[in-house]
Amino acid sequence: MEARGGEDVGAAERRQQILELLCQRRKETVSNLAAELGVCERTIRRDIEMLTLQYPIETVCGRYGGGVKLADWYYQGRRRLTPRQTALLRRLAAGLQGEDLEDMNQILVQFAS
């Protein structure tokens, strides 16, 4: 495999897959990830260790509740607001002025459009 910045392409692709799986599932066990991706658990642990340097990934200890978890607030890609959330932000924006209003309008454009 070709090296890319000191890392083989397979590892980079696998880490991207792990991140995508965690974004979909929010939490998963190391053993399930290893089985699904066809690698050993140690490889997944190393990948998780590397991913935690760039993403809000947490490890949760415990035999039955343990695993790898993505922070509740993090979503990969663009996330949309619900109509109810959008309406709330518009009501809040009515009481804002200046830079606060500009910031709120940018949030609405970015997430509610």
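The values are calculated or read from the model by the stated rules, or taken from the named source; none is laboratory data. This structure is a prediction, so every number in the text was calculated from the model and none was measured. With ideal geometry, Cβ positions are generated from the backbone for all residues, glycine too; neighbour counts draw on all protein chains shown. These area figures cover heavy atoms from the full protein model, side chains too; ligands, DNA and RNA do not enter into them. Shrake-Rupley method; radii C 1.70, N 1.55, O 1.52, S 1.80 Å.
Before moving on, here are some points about what is shown:
- For the chain, the dipole from Cβ point charges (+1 on Lys and Arg, -1 on Asp and Glu) about the Cα centre works out to 520 debye, to the nearest 20.
- Taken one residue at a time, the phi angles of segment 45-60 give Karplus couplings (6.51, -1.76, 1.60, θ = phi - 60°) of 4, 5, 4, 4, 4, 5, 5, 5, 6, 10, 10, x, 9, 10, 9, 10 Hz. Gly and Pro are set to x.
- Surface accessible to a 1.4 Å probe, per residue, for the residues of segment 11-70, Å²: 59 Å²
- Each residue of segment 92-100 was assigned a 3J(HN,Hα) from its phi angle through the Karplus expression (A = 6.51, B = -1.76, C = 1.60, θ = phi - 60°), giving 5, 4, 4, x, 9, 9, x, 5, 4 Hz with x at Gly and Pro.
- By accessible area, using a 1.4 Å probe on protein heavy atoms only, the chain has 50% of its surface on carbon and sulfur.
- Global geometry of segment 20-59, whether rounded, prolate or oblate, following the gyration tensor of its Cα atoms and the 1.5 cut on a/c: oblate
- Modelled label positions at Arg26 and Gln76, each set 7 Å beyond Cα in the direction of Cβ, lie 1.7 nm from each other.
- Rounded to the nearest whole Hz, the Karplus-based 3J(HN,Hα) values (6.51 cos²θ - 1.76 cosθ + 1.60, θ = phi - 60°) of segment 101-108 follow the sequence 5, 4, 4, 5, 5, 5, 4, 4, with x at glycine and proline.
- Put a plus charge on the Cβ of each Lys and Arg, a minus charge on the Cβ of each Asp and Glu, and nothing anywhere else: the dipole of segment 11-70 about its Cα centre is then about 160 debye.
- Shape category assigned to the chain from the gyration tensor of Cα positions, a/c cut at 1.5: prolate
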